[in-house]
1. Of the residues in region 19-40, how many are part of a loop (DSSP other than H, G, I, E, B) and farther than 28 Å from GLU140 by Cβ?
2. Does region 248-272 hold any residues that are open to solvent by 30 Å² or more (accessible area, probe 1.4 Å) and either among the basic types (Lys, Arg) or in contact (Cβ under 8 Å) with a residue 12 or more places away in the chain (or both), and which are they?
3. Which members of region 283-311 meet the condition of being in contact with a strand residue (DSSP E or B) (Cβ under 8 Å, 6 or more places away or on another chain), closer than 15 Å to ALA250 by Cβ and modelled with pLDDT under 95?
4. In region 53-109, which residue that is of a type in the set (Lys, Arg) and part of a helix (DSSP H, G or I) is least open to solvent (accessible area, probe 1.4 Å)?
5. Mind listing whichever residues of region 25-46 are of a type in the set (S, T, N, Q), open to solvent by less than 50 Å² (accessible area, probe 1.4 Å) and free of Cβ contacts under 8 Å to residues at least 24 places away in the same chain?
6. Would you mind finding the one in LYS210, LYS177, LYS158 that is over 30 Å from ILE287 (Cα atoms), assigned to a helix (DSSP H, G or I) and not hydrophobic (A, V, I, L, M, F, W, C)?
7. Checking ASP245 against (1) surrounded by fewer than 16 Cβ atoms within 10 Å (Cβ to Cβ); (2) of a type in the set (D, E, K, R); (3) more than 22 Å from ILE119 (Cα to Cα): exactly one of these is not met. Which one?
8. Which of the residues that make up region 287-309 are closer than 28 Å to SER24 by Cα and over 18 Å from the mean Cα position of the chain (by Cα)?
Amino acid sequence: MDELNSNSNNTDKVDVIVRNLKLSFFKGSQFNFNDGDVKQITWDQQNKFLNQTIYSSHFKKYPCNQDFCRLFFKNLITQIEKYHEVHDGMYEFLCSSMKENKHNTFSYQHYYIKNDENIITIKQTRNMVLNGTTGLKTWEAAFMLADWALFNKQMFFKKHVLELGSGVGFTGITIAKYCAIESMTMSDHHPEVLQVICDNIEINFQSAKKCTTSHSTVYEINDKTIGAIMLDWNEPEEEKDLTPDIIIGADIIFDPSILKPLINILNSFYQKNNEVEIYILSAIRNIDTFNGFLEELKLSNFQFEKKEVLKRGFVDWDENTNRCLLKIYRS
């Protein structure tokens, strides 16, 4: 019996290693190897990894960044060959990625939500800034905010949600997919960002019905709607018909020049609905900019409460990140 339990535990451990390797690859991050893990990645486990990643139909349709793939597999092969025969598929994929000289601006990353059945696929760039915007990649606070929302699904039940500065749409799409919202409206002021949001909605809600107007694109999915709109914080009166129950934002406090426009847009929506709930999550890189936002809130008669985001649960994110979730309101 002890031997059976030992074998079972070892199988579970190996499955976890392969799964973590897959998760790292799909989300575009290098895997942190240790010798104990590498020793478990036999030919059979390599085969399982390949079938779940580069051989899968999903990866073939939505491939990861080529340069990243090349570095990931080169590192993986270097580690495995210390202890095991390397699967031919590993070499074949590495060679093919080295021969191809494609440098596409966009590629795809895949994020598992809690388990292997739930996945969000996001078209994005690995560049921090592209075409004058930082909104074409997923930033760490987007993962944190999505995770916090999934811990608090009841807050979003049948609510109209507006996301400010949505970027490529990870947070909004995750909430729309796994929370029973009434509507999710993602917003940005950059046309290319809005187009990528729409692309990502269509990837993750493939049966959605699309309706386009002069300034927005709306998708109907079963009993909810998901939209992408052009929203200029300097022109808050543009969205007179938009009255959200909840406003969210991730990593939108990063530049002192946008603090007052952000306050203005919050004030505009508050005037239309004084019960609106506002949540902004920041990965704090510059404490002076963050504190400047808090001061602007006070000057505009807003109050705030710092909420705890202690640990990850549904979405993977770096728990070492200096972070703060603000609940903003007026009493």
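The values are calculated or read from the model by the stated rules, or taken from the named source; none is laboratory data. Not measured: the values here are computed from a predicted model. Ideal geometry is used to build each Cβ from the backbone, glycine not excepted, and the neighbour counts take in all protein chains shown. Each accessible area value is taken on the protein alone, full model and side chains, heavy atoms only, with ligands, DNA and RNA left out. Shrake-Rupley method; radii C 1.70, N 1.55, O 1.52, S 1.80 Å.
1. Summing the residues that are part of a loop (DSSP other than H, G, I, E, B) and farther than 28 Å from GLU140 by Cβ in region 19-40 gives 2.
2. PHE254, ASP255, PRO256, ILE258, LYS260, ASN264, ASN267, TYR270, LYS272 - these are the residues of region 248-272 that are open to solvent by 30 Å² or more (accessible area, probe 1.4 Å) and either among the basic types (Lys, Arg) or in contact (Cβ under 8 Å) with a residue 12 or more places away in the chain (or both).
3. Answer for region 283-311, where residues must be in contact with a strand residue (DSSP E or B) (Cβ under 8 Å, 6 or more places away or on another chain), closer than 15 Å to ALA250 by Cβ and modelled with pLDDT under 95: ALA283, ILE284, LYS307, VAL309.
4. Taking the candidates together, the pick is ARG70.
5. Passing the criteria: only SER29.
6. Only one candidate qualifies: LYS177.
7. Among (1) surrounded by fewer than 16 Cβ atoms within 10 Å (Cβ to Cβ); (2) of a type in the set (D, E, K, R); (3) more than 22 Å from ILE119 (Cα to Cα), the lone unmet condition for ASP245 is (1).
8. Residue satisfying the conditions is GLU308 alone.
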